[in-house]
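The values are calculated or read from the model by the stated rules, or taken from the named source; none is laboratory data. Being a predicted model, the structure only gives us computed values, none of them experimental. As a convention, Cβ positions derive from the backbone with ideal geometry for all residues, glycine included, and neighbour counts pool all protein chains shown.
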Amino acid sequence: MRLSGVDADRHKLLVFVFAGLLAGVAGGMESARLGLGHVDIGAGQTFAAITAVVIGGTPLTGGRSSVLGSALGVLVLAVIASGMIFTGITPYLQKSVQGAIVLLIVAGATWHLRRRLRIVK
């Protein structure tokens, strides 16, 4: 990017500053919601975030995605999680359902590759 005249180091710094700002705002909002501050408040949310992004259409192998798709994935996952809470499903089974959703979506997205990747003996 240096040859095109774009200052890549400056843009990287700005992206990290913006990500830090958003992380600070999210931490402040979560602390306000819970009424306390702790280091590992969002420690268990990584798997839910990955699930929501996969539901939104982002492939785990990399490639193209969209912010709108990820936002819709978060909305769909929130509806599924609320439905499981209302029906009385235990939190452990809820994580299993999230894992099954990720497996189904990844299997569906890579189903067309199975013939090409098949090993012939």
Scanning the stretch 92-117 for residues that are exposed (fewer than 10 other Cβ atoms within 10 Å of the Cβ) and at pLDDT 85 or above gives Y92
Take L21 and decide whether it is farther than 23 Å from K95 by Cα, at pLDDT below 85 and not acidic (D, E).
no
Tell me, please, whether a residue that is out of contact with any helix residue (DSSP H, G or I) (no Cβ under 8 Å at 6 or more places or on another chain), more than 28 Å from P91 (Cβ to Cβ) and either modelled with pLDDT of 85 or more or of a type outside the set (S, T, Y) (or both) can be found in the stretch 27-43.
no
Going by the structure shown, is T58 in contact with a Ser or Thr (Cβ under 7 Å, 6 or more places away or on another chain) and either of a type outside the set (G, A, S) or closer than 25 Å to Y92 by Cα (or both)?
yes
